[in-house]
Amino acid sequence: MGSAASTNRQKTIYVEVDGKVQKVIFRQQSSSNVMKRLLCATVGLPCSPYGIVPQAAFQRSDKEDVFQNILTQVSEEFSRAFRISELKREVCDRLTVLERRVEVEGQKVLSIDTCKNELRQLRDELEKRNHRLNCPCRCYQSVEVRMNPRKDVPSYPKYTLSSETIDALKKPTFDVWRWEYNEMLSCLEFMYHELGLVREFNMNPITLKRWLLCIQENYRNNPFHNFRHCFCVTQMMYGMIHLCQLQERMTLLQLGALMTAAVCHDLDHPGYNNTYQINAHTELAIRYNDVSPLENHHCAVAFQILAQPENNIFSNVTPEAFKQIRQAIICLILATDMAKHGDILESFRQTVSNFDFSNEDHVKTLQMMLIKCCDISNEVRPSEVAEPWVDCLLEEYFMQSDREKMEGLPVTPFMDRDTVTKPKAQIGFIKFVLLPLFETMMKLFPQIEEAMVRPLQEARDHYEELMQLEEAMAEVQQKKTAVLSSGGGRRKRSSETA
């Protein structure tokens, strides 16, 4: 490409002069002046070596002057055209070489898993380049956080909530699937106003809007861990505050920390849990020394957003108050790591019999229990609301197990699409995680029995029935297979006897 051979190529053009066709031959790399001299010689016009003819040397007519100018323009255009032609030829040559390489590579025997791995790496690379702006806390090689540009008026519209919606927001039966993102943002904004948090922390209402928009922008489009899940958890927290009458028992600072931690608790979740992060030695796992890498990342992104003046809803609180809020939010988000589930539950069990709302340690443990309950509360909701969440979670689980298999990592058992079914996944989770959690919470707040514990028991019974049905169908299929196999064996033996 671009070799010496190509630079010596000749070009030929034909010019008709006085009814005769003249042939002009020149090299492709000839300059416009050289071409001009050749053309002038062909048509019988005088031309100096530099393309300029002194007036004293030649007397030319006006017509010759015009023709000379035309020849100059023509020669320059020919030169430019041939340069473009050569460039096109080089590009075509390069494409031809690349096509041949692709053909050669395509003839190699590549495993499907290797192809999938390359595609996933490409997708991750594209996400890394396009996802967010300049925050040193991302899961891959560069961590970025989307920051909304400064605007006097945020872009999502203000919705007027009906009295029915306001009442529904305070209940666990709220249908989170009926709402668009803009509507969910307005609902979150309403919660902060209704609880008195805007007034207590002297929040600028426009800043609250900007902050909520920025929060929504920093949730990824995962099947489960997305902005709708954030809203779902926050709405359940709002409902529990009203159901358990926490406004009468906790300070607004404590309630503000609960609500804000719920909003921020899964910011920039990459869709792969801590087990994957640690086994794959991702940047997050390395940064946080394998200790709650995702939850630490969620906290970092939350305070990276709050560090922006236009998004800081706590800009008007005292430094001491902000320190308390920050410590509480970090503690609550870190509590959502399921690796800490047993310790937090046991700690609350030890205090629930003599719980004291004036005891800071008791309240701190209660707050951790509250955010844990809200984070995994989907089965508390009606089945038509809860079941789609199970499908979303299993989709995300299966994506992870597929990736673990592809990368040769240990496969998380409850995420393996080859062994896990919806009933099998939910029965164990409800029986051994959800019911013990909510039944312990019920000792302090008996009112949640009807609204939360009973729906969990009904969900457990529902999935147990589905499990029995699945097992019965599997048994029938097994017997049918055995009958067909034995029948084939008998026919074979009969034919051999004959």
Long-range amide H contacts for Gln22: which residues qualify at under 5 Å (H placed 1.01 Å from N, peptide plane, sequence gap of 5 or more or a different chain)?
-> Val15, Glu16, Val17
Percent relative contact order for region 291-358, counting Cα pairs under 8 Å at least six residues apart, stands at 37
Using per-residue counts of other Cβ atoms within 10 Å, averaged over each peptide, order 222-230, 431-439, 445-453 from highest down.
-> 222-230, 431-439, 445-453
Would you tell me the accessible area of Leu87, worked out with a 1.4 angstrom probe on the heavy atoms of the protein chains, in Å² to the nearest 10?
-> 110
Per-residue HN-Hα couplings for region 310-324 [Karplus 6.51, -1.76, 1.60; θ = phi - 60°; Hz; x = Gly/Pro] | 6, 10, 8, 6, 9, 5, 9, 8, 5, x, 5, 5, 5, 4, 5
How would you classify region 279-394 from its alpha-carbon gyration tensor, with a ≥ b ≥ c the square roots of the eigenvalues: rounded for a/c under 1.5, else prolate if a/b is greater than b/c, otherwise oblate?
-> rounded
Would you please classify the overall shape of region 369-440 from the alpha carbon gyration tensor, given that a ≥ b ≥ c denote the square roots of the eigenvalues, rounded means a/c under 1.5, and beyond that prolate means a/b larger than b/c while oblate covers the rest?
-> prolate
Surface accessible to a 1.4 Å probe, Asp93 within the full protein complex, Å² | 60
Which whole-Hz couplings ³J(HN,Hα) result when phi for each residue of region 249-259 is put into the Karplus expression 6.51 cos²θ - 1.76 cosθ + 1.60, θ = phi - 60°, listed in order with x for Gly and Pro?
-> 10, 10, 7, 5, 5, 5, 5, x, 5, 4, 5
Packing-wise, with mean Cβ within 10 Å as the measure, how do 298-304, 238-244, 311-317, 357-363 rank, highest first?
-> 298-304, 238-244, 311-317, 357-363
Summing Lys, Arg as +1 and Asp, Glu as -1, what charge do residues with Cβ under 14 Å from the Cβ of Thr419 carry, Thr419 excluded?
-> -1
Gain in span if fully extended, Asn182 to Gln22, counting 0.36 nm per residue against the direct Cα distance = 50.1 nm
Please say if region 213-289 is rounded, prolate or oblate, where rounded means a/c under 1.5 for a ≥ b ≥ c the square roots of the C-alpha gyration tensor eigenvalues, and otherwise the choice is prolate for a/b larger than b/c and oblate otherwise?
-> prolate
Karplus-derived 3J(HN,Hα), 6.51/-1.76/1.60, for each residue of region 437-453, Hz, glycine and proline x = 5, 6, 5, 5, 5, 5, 5, 8, 10, x, 5, 7, 4, 5, 7, 10, 5
Chain lengthening between Thr318 and Glu407 when straightened (0.36 nm per residue, less Cα-Cα) = 27.1 nm
Excluding ligands and nucleic acids, what accessible area in Å² is computed for Thr419 using a 1.4 Å probe, to the nearest 10?
-> 70
Which of the peptides 205-217, 457-469 is most tightly packed, and how do the rest follow, going by the mean number of other Cβ atoms within 10 Å of each residue?
-> 205-217, 457-469
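The values are calculated or read from the model by the stated rules, or taken from the named source; none is laboratory data. Just so it is clear, the structure is predicted and the values come from calculations on it, not from any experiment. Quick reminder, even Gly has a Cβ in these numbers, built from the backbone with ideal geometry, and neighbours come from all protein chains shown. For accessibility, only protein heavy atoms count, side chains too; no ligands or nucleic acids. Shrake-Rupley method; radii C 1.70, N 1.55, O 1.52, S 1.80 Å.
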